[in-house]
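Remarks on the structure that follows.
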Amino acid sequence: MTQVDGLVCALPDRSSQEEIRRYQDANVIREILHTARTIAIVGLSSNPLRPSNYVGFYLQRHGYRVIPVNPNEREALGEKAYPSLAEVPDGIDVVDVFRASQFVPDIAEQAVQVQARALWMQFGVISIRGAEIAVRGGLEVVMDRCMKVEHARHMGRMHWLGFNTGVVISQRTPDAR
């Protein structure tokens, strides 16, 4: 949460932008995307209107096994949902977090305990403490990045349209016609 003139905004706190950039390395992102096969999505919803559902659906369509981790769900995307990472019976390559930042340190500890290979915090999910826990446990970490967008960008789904520039803007440059 960010505080502006006494008001609390539900915007991610990016006050430590330099630290966050440490966890946005393109080489690490590509390595995770190329080697991962099983992704546990913490906070995956069965509601198709939720971003977690859309991202999970996209990842399934691109060959990843998606395991829902959400105590409020019984099933999502045709897979049995588990209440916690500890209850997932299969190996996990990536723990993809769709939860508020304050929950990330506990999720990071669980990811270390289940011997996941990476902790991925979706866009807007920022937790330096959670990242430090994961790194100490030997996990790769990606923070404040959407796995679907990064997959499309690095795995050949967007670059041919000219989107792999590293800069996202909605206006043309003066020299573009």
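Suppose we take every Cα in segment 13-161 and form the convex hull; what volume per residue is that in Å³?
Cα-based convex hull of segment 13-161, divided per residue, equals 109 Å³.
Residue separation times 0.36 nm, minus the C-alpha to C-alpha distance between Phe103 and Asn27: what's the value?
Extra length available between Phe103 and Asn27 comes to 24.7 nm.
All of the numbers you see were taken from the coordinates with simple rules; none came from a lab. Nothing here was measured: the structure is a model prediction, and the numbers come from that model.
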